[in-house]
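**Q** Please read through the structure below; I'll follow up with questions.
The values are calculated or read from the model by the stated rules, or taken from the named source; none is laboratory data. Nothing here was measured: the structure is a model prediction, and the numbers come from that model. Cβ coordinates were reconstructed from backbone atoms using ideal geometry, including for glycine residues, and neighbour counts include every protein chain displayed. To get the accessible areas, we keep the full protein, side chains included, count just its heavy atoms, and leave off ligands, DNA and RNA. Shrake-Rupley method; radii C 1.70, N 1.55, O 1.52, S 1.80 Å.
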Amino acid sequence: MDELRTRTRVLVVDDDRLIREMISDALVEDGCEVSAASSGAEALEVLAGEIPFDVVVTDLSMREMDGLQLLERVKREYPKLDVIILTGYASLESALQAMRLGAADYLRKPIKQLEIVYSVRQTRLRRRILNENEALRGCLQTFEASRVLAACLDAADVLPLAMDLILHITERQRGVGRLRLALPRPGEGTVVSGFDADVATVLREQIERGKLFDPDSMVPEEGGDTELYTPGLSAKLAQLGVETGEVLEVALRNGREVIGGLWVMSDGRDFNLEERRRCSVLVAQTELALANAERYHQASEKAFIDDVTELYNARYLLSALDRETSRAERGGGVLSVLFLDLDRFKRVNDSHGHLVGSSVLRELGVQLSDCVRSIDTLARYGGDEFTIVLVDTDHQEATEIAERIREIVNGHEFGGAHCLRLTVSIGVATFPEHGRTREQILEASDQAMYLAKAQGRDQVRSANDLDNRRPGVC
């Protein structure tokens, strides 16, 4: 209660100076900050000032503007400002009318000092309970809205949904989201929402260069280690012609590590405590969704990982090829597939044993991994066969990559002390040139690989070279 009293600002309105002073003295003695006005018009002028008030205590009967008129104006212009009505001519009708207009309490004169103090205390207590209930209701609504995040099993899907939710709960239009995770494709870790197309393009360019909205640039607020912010962010945005006002910055964490952030532009309206509380609820759900997505990804990885080489297996390859062909189909793009087979690998197993053979396969996996990008898919198809899906890569470029791989394998000594020299035959096929489905592309690249073997091994052959005959060479 002491904390409530020291924070309570009261405006006393009465055209009787003695009553004003008596009420003011009692409330000041109880720890309130009190201002006074002798009329309804003067009270409205005081309320329009910079100092916010918690309670208005007003006489019912006053010249020019009576207490009910003042009550009606106050509740219309300051809905959360509580009003206590005082009157020496109480009637049931006036009391009911005051309550209908939103009065917090209705007291009869003469007023005892303890009575007005108690009324103000109770009014502030009710307001605090109402505010807390409203805050809890808002947090619950945010929690319910953010439950959709739990259905996201891909981290790339969590970020745009979280961005939409935070803009919705804060009733703002513009925001940026960043996520620093190993995502399947570039660009999926960035969301720029609500900006004009030209501005969005500029922001994305700055983000790609690491100049803006970098989670690593967020530092703790002064005197704390929980709230983070980016020094000089508003100034940097202003230099680009982006006026933001206040920027709400929310870090996304995995434990204590910052893995991303959400930035919301105030659009000229500063963020209040209630909005920040709701954002905290949303962030907690977002971090939980990201953690779940990461666990799901790790579990999926184990199901899709080859035990020997620790590359993707054929199951993952087929899924990835389905996804990439669909994407290329929608966007009018291309992709190429390399089908590789070690030449005469059976001799390695027969001469040196399967442990050495497995070691050779792992070494080859490392060599191939160094030749492809993170957005490409490298998988062990089975036995000594490997497949590479090269996204956004035409046939000529894919053939050049295949030739580079062939030369690297040819020049490498496998098997450690065994110093094994091996060669590889590679087939190349491209979407949509050699097929429009997963099966057609794989079949074309596989046949091109067998053609390379039939024509002497240690070479690259294109699906363009096929004559519809699959050579029977092992």
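**Q** If you scan the range 28-58, which residues turn out to be over 22 Å from SER94 (Cα atoms) and in contact with a Ser or Thr (Cβ under 8 Å, 6 or more places away or on another chain)?
**A** GLY31, CYS32, GLU33, VAL34, ALA36, VAL46, ILE51, PHE53, ASP54, listed by residue number.
**Q** A follow-up question, please. I'd like the full set of residues that are open to solvent by 30 Å² or more (accessible area, probe 1.4 Å), of a type outside the set (D, E, K, R) and either in a loop (DSSP other than H, G, I, E, B) or in contact (Cβ under 8 Å) with a residue 12 or more places away in the chain (or both), limited to the range 292-312.
**A** Within the range 292-312, ASN292, TYR296, HIS297, ALA303, PHE304, VAL308, TYR312 meet the criteria.
**Q** In the range 299-327, which residues are among the hydrophobic types (A, V, I, L, M, F, W, C), within 27 Å of the chain's Cα centre (by Cα) and under 26 Å from GLU433 (Cβ atoms)?
**A** The answer is ALA320, and nothing else.
**Q** Determine the pairs where a residue that is among the hydroxyl-bearing types (Ser, Thr, Tyr), located within the range 364-375, has a partner that is open to solvent by less than 30 Å² (accessible area, probe 1.4 Å) and modelled with pLDDT of 90 or more with Cβ atoms under 8 Å apart, the partner being 6 or more residues away or on another chain.
**A** Listed by first residue and then by second, the contacts come to SER369/LEU311; SER369/LEU378.
**Q** I'd like the full set of residues that are surrounded by fewer than 18 Cβ atoms within 10 Å (Cβ to Cβ) and of a type in the set (D, E, K, R), limited to the range 74-103.
**A** LYS75, ARG76, GLU77, LYS80, GLU93, ARG100
**Q** From GLY261, GLY268, GLY241, grab the single residue that is assigned to a loop (DSSP other than H, G, I, E, B), over 14 Å from GLN173 (Cα atoms) and not acidic (Asp, Glu).
**A** Of GLY261, GLY268, GLY241, the one residue that is assigned to a loop (DSSP other than H, G, I, E, B), over 14 Å from GLN173 (Cα atoms) and not acidic (Asp, Glu) is GLY241.
Results for (1) crowded, with 18+ Cβ neighbours inside 10 Å; (2) modelled with pLDDT of 95 or more; (3) out of contact with any strand residue (DSSP E or B) (no Cβ under 9 Å at 6 or more places or on another chain); (4) not β-branched (Val, Ile, Thr), shown as yes or no for each residue.
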{"position": "LEU4", "(1), (2), (3), (4)": "no, no, yes, yes"}
{"position": "ARG7", "(1), (2), (3), (4)": "no, no, no, yes"}
{"position": "ASP15", "(1), (2), (3), (4)": "no, no, no, yes"}
{"position": "LEU18", "(1), (2), (3), (4)": "no, no, yes, yes"}
{"position": "VAL28", "(1), (2), (3), (4)": "no, no, no, no"}
{"position": "GLY31", "(1), (2), (3), (4)": "no, no, yes, yes"}
{"position": "SER38", "(1), (2), (3), (4)": "no, no, no, yes"}
{"position": "ALA41", "(1), (2), (3), (4)": "no, no, yes, yes"}
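**Q** Looking at the range 139-149, can you tell me whether even one residue there is farther than 29 Å from PRO79 by Cβ, under 15 Å from the mean Cα position of the chain (by Cα) and of a type in the set (A, V, I, L, M)?
**A** yes
**Q** Answer yes or no as to whether TYR316 is open to solvent by 50 Å² or more (accessible area, probe 1.4 Å), out of contact with any Gly (no Cβ under 9 Å at 6 or more places or on another chain) and either hydrophobic (A, V, I, L, M, F, W, C) or closer than 25 Å to GLU443 by Cα (or both).
**A** no
**Q** Condition (residue is more than 17 Å from ARG7 (Cα to Cα) and open to solvent by 80 Å² or more (accessible area, probe 1.4 Å)) applied to the range 55-62: is it met by at least one residue?
**A** The answer is no; no qualifying residue exists.
**Q** Residues in the range 262-285: is at least one in contact with a Leu (Cβ under 8 Å, 6 or more places away or on another chain), open to solvent by 80 Å² or more (accessible area, probe 1.4 Å) and at pLDDT 85 or above?
**A** yes
**Q** Then there is this: List the strands (runs of 3 or more DSSP E) that sit entirely inside the range 347-440 and contain at least 2 residues that are among the polar types (S, T, N, Q) and surrounded by fewer than 15 Cβ atoms within 10 Å (Cβ to Cβ).
**A** By residue number, no strands (runs of 3 or more DSSP E) qualify.
**Q** For ALA37, which of the numbered conditions (1) over 43 Å from the mean Cα position of the chain (by Cα); (2) closer than 21 Å to ARG128 by Cβ; (3) not β-branched (Val, Ile, Thr) fails to hold?
**A** (2)
**Q** Go through the range 448-457 and give me each residue that's at negative phi and either buried (at least 23 other Cβ atoms within 10 Å of the Cβ) or small (Gly, Ala, Ser) (or both).
**A** ALA448, MET449, ALA452, ALA454
**Q** Can you tell me which residues in the range 88-111 are touching a Phe, Trp or Tyr at 6+ places or on another chain (Cβ under 9 Å) and part of a loop (DSSP other than H, G, I, E, B)?
**A** ALA90, LYS109
**Q** Can you say whether ARG172 is farther than 30 Å from ARG373 by Cα, among the basic types (Lys, Arg), surrounded by fewer than 18 Cβ atoms within 10 Å (Cβ to Cβ) and at pLDDT 85 or above, as far as the supplied structure shows?
**A** When the stated conditions are applied, ARG172 does not pass them.
**Q** Another one. Please determine, by comparing only the residues of the range 425-440 that are at pLDDT 95 or above and among the β-branched types (Val, Ile, Thr), which one is farthest from the chain's Cα centre (by Cα).
**A** Here the answer is ILE426.
**Q** Restricting the search to the range 114-126, which residues are open to solvent by less than 90 Å² (accessible area, probe 1.4 Å) and either within 23 Å of ARG20 (Cβ to Cβ) or among the polar types (S, T, N, Q) (or both)?
**A** Of everything in the range 114-126, those that are open to solvent by less than 90 Å² (accessible area, probe 1.4 Å) and either within 23 Å of ARG20 (Cβ to Cβ) or among the polar types (S, T, N, Q) (or both) turn out to be GLU115, ILE116, VAL117, SER119, VAL120, ARG121, GLN122, THR123, ARG124.
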